[in-house]
1. Which ones in the range 95-130 are closer than 19 Å to ALA155 by Cα, touching a strand residue (DSSP E or B) at 6+ places or on another chain (Cβ under 7 Å) and surrounded by 24 or more Cβ atoms within 10 Å (Cβ to Cβ)?
2. Name the residue that is least open to solvent (accessible area, probe 1.4 Å), counting only residues in the range 229-260 that are more than 19 Å from the chain's Cα centre (by Cα) and of a type in the set (S, T, N, Q).
3. Inside the range 29-55, can you point out the residues that are within 17 Å of GLN77 (Cα to Cα) and of a type in the set (A, V, I, L, M, F, W, C)?
4. Which count do you get for residues in the range 7-26 that are out of contact with any Ser or Thr (no Cβ under 6 Å at 6 or more places or on another chain), open to solvent by less than 20 Å² (accessible area, probe 1.4 Å) and not charged (D, E, K, R)?
5. Quickly run through the range 57-93 and pick out the residues that are open to solvent by less than 30 Å² (accessible area, probe 1.4 Å) and not β-branched (Val, Ile, Thr).
6. Which of the strands (runs of 3 or more DSSP E) contained wholly in the range 126-214 include at least 1 residues that are at pLDDT 95 or above and of a type in the set (Gly, Ala, Ser)?
7. For the range 269-283, check the following and say yes or no: at least one residue is crowded, with 21+ Cβ neighbours inside 10 Å, under 16 Å from the mean Cα position of the chain (by Cα) and in contact (Cβ under 8 Å) with a residue 60 or more places away in the chain.
8. Taking the range 147-188, which residues are within 18 Å of VAL123 (Cα to Cα), hydrophobic (A, V, I, L, M, F, W, C) and under 19 Å from the mean Cα position of the chain (by Cα)?
Amino acid sequence: MNIIQTDSGMTDEQRSKIIFAGDLIVFQQLPAMLELCQYTDQLLSESLSGLYPEQAQYHLSEQDYRRFVADTQKRIQADDKAKSIFFHALQEAGLALDLTYYDYFAMRVVSAEKSFTEGLRTVVGHHRDTWGSNIQAQTNWWAPIYKIEEERSIAFYPYHWDHPTINDTSEWSFQKYLAARRETPEGVAVSYSPTPQLLRTVDESKAVKIVIEPGDILCFSSAHLHASVPNATKLARFSVEMRTLNLKDLKAGRGAPNVDNAGGKPRYEWYRHGVDQSSLSMAMERV
């Protein structure tokens, strides 16, 4: 696994060729991503009445902090300006928005105190995002809002790019997860896993922990086995993410190798067009 760093964009075709071979790309210091970091910091600070977001857990009760995280995640996902700035950053990286479908724009908060964010969108265990979507052409975009270090970052397991894991993709059901989520009160961990899970641990000594700067965006194939690094620092981690699909990749059958996903139906219905918001399912019916 190579980590390619660039301060210029590349075409969709160039990017797909690199990430579907298992390499990572760091698009460095994109002006729009720097703008998004500043805009998001302002939103967070306003929500916290001026408290420093990375240290807010030391000034709020667990209940108030959990409410802040939940409200912030909802606000960011619904914030058209934040999403628009992020799309602009992806375009600066070379993404052709008119050929792009995306799932959603999300913020992840990893507190230094696990109980403060348990049950929310926080630490994610070892997984491939393709296990849920069953689409090998899927691309992940990930970016920190503040400075990070290895102890509160994202980890990759390059050995498993072409070596299978033992997992429950043959049994996991998205419908069962939705049913469990409907029955679970907000802020409480859902009893059924939101994604397929490993059934055997992986070798942590082979993990590669990525550290990039605010203003950078990490791009990688969704088929990479990766995980949140449990936060061992005194500061919370704030990051934003999105998954995209390129229509040309789908039509040409391009994508990462499938080494261990026994899932079935592709979840095209999860994706909307980057410009007109139309469903990818409609586009795939015409392919």
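1. Residues satisfying the conditions are VAL109, VAL110.
2. For the range 229-260, the residue satisfying everything is THR233.
3. Selection gives MET33, LEU36, CYS37, LEU43, LEU44.
4. The number of residues fulfilling the criteria is 5.
5. GLN57, TYR65, PHE68, ALA70, GLN73, ASP79, ALA82, PHE86, PHE87, ALA89, LEU90, ALA93
6. 139-144, 154-156
7. yes
8. ILE148, ILE154, ALA155, PHE156
The values are calculated or read from the model by the stated rules, or taken from the named source; none is laboratory data. Quick caveat, the model's predicted, so the values are computed rather than measured. Note that we place each Cβ from the backbone using ideal geometry, even for glycine, and neighbour counts take in every protein chain shown. For accessibility, only protein heavy atoms count, side chains too; no ligands or nucleic acids. Shrake-Rupley method; radii C 1.70, N 1.55, O 1.52, S 1.80 Å.
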